[in-house]
1. Across the range 9-36, which residue is surrounded by the most Cβ atoms within 10 Å (Cβ to Cβ) among those that are of a type outside the set (Val, Ile, Thr) and assigned to a loop (DSSP other than H, G, I, E, B)?
2. Pairs only if they're at least six apart or on different chains, beta carbon under 9 angstrom, first in the range 18-36 and under 17 Å from Met1 (Cα atoms) and among the β-branched types (Val, Ile, Thr), second in a loop (DSSP other than H, G, I, E, B) and open to solvent by 100 Å² or more (accessible area, probe 1.4 Å); list them, first residue then second.
3. What tally of residues in the range 60-76 results from selecting those that are open to solvent by less than 80 Å² (accessible area, probe 1.4 Å) and part of a helix (DSSP H, G or I)?
4. Of (1) open to solvent by 80 Å² or more (accessible area, probe 1.4 Å); (2) part of a helix (DSSP H, G or I), Ser4 satisfies all except one. Which?
5. So, Leu52, is that one without any contact (Cβ under 8 Å) to a residue 24 or more places away in the chain, in contact with a Ser or Thr (Cβ under 6 Å, 6 or more places away or on another chain) and part of a helix (DSSP H, G or I) or not?
6. Of the numbered conditions (1) assigned to a helix (DSSP H, G or I); (2) at pLDDT below 95; (3) not acidic (Asp, Glu), Val81 fails exactly one; give the number of that condition.
Amino acid sequence: MNYSSPLANAVHDSQQAFGLNKYGITLDQVPDDKYDWQLMALEESVDMNQYLVRELRRLKEENEELKKQLVESNEWLVDSV
């Protein structure tokens with residue numbers, strides 16, 4: 001697969017290599033009846049949502065900390081008025 005992003009290409013290639021190393025075959029070589037592909041896709045999307053929620057929480061906390069630092073660094077302006 002060829003993505004427009006070099007990072008996406010690198011991650012894809014890494015995942016392909018990981019799967020081949022772990023299972024000895026690529027995902028395309030797995031028989032269709034080996035897995036419930038819809039369930040696997042759902043499980044992966046649930047994981048992705050959890051990662052996104054966690055990252056949003058981290059970014060919100062980081063943003064709040066940066067706002068606090070900005071207010072503290074500018075207190076001298078308020079005090080001097």
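The values are calculated or read from the model by the stated rules, or taken from the named source; none is laboratory data. These numbers come from a predicted model, not from an experiment. Counting neighbours? That spans all protein chains shown, and the Cβs are built from the backbone with ideal geometry, glycine included. Note: areas computed on protein heavy atoms with side chains; ligands, DNA, RNA excluded. Shrake-Rupley method; radii C 1.70, N 1.55, O 1.52, S 1.80 Å.
1. The selected residue is Tyr35.
2. Once the first residue is under 17 Å from Met1 (Cα atoms) and among the β-branched types (Val, Ile, Thr) and sits in the range 18-36, no partner that is in a loop (DSSP other than H, G, I, E, B) and open to solvent by 100 Å² or more (accessible area, probe 1.4 Å) comes close enough.
3. Summing the residues that are open to solvent by less than 80 Å² (accessible area, probe 1.4 Å) and part of a helix (DSSP H, G or I) in the range 60-76 gives 2.
4. So Ser4 meets the others, but not (2).
5. Against the criterion (without any contact (Cβ under 8 Å) to a residue 24 or more places away in the chain, in contact with a Ser or Thr (Cβ under 6 Å, 6 or more places away or on another chain) and part of a helix (DSSP H, G or I)), Leu52 does not qualify.
6. (1)
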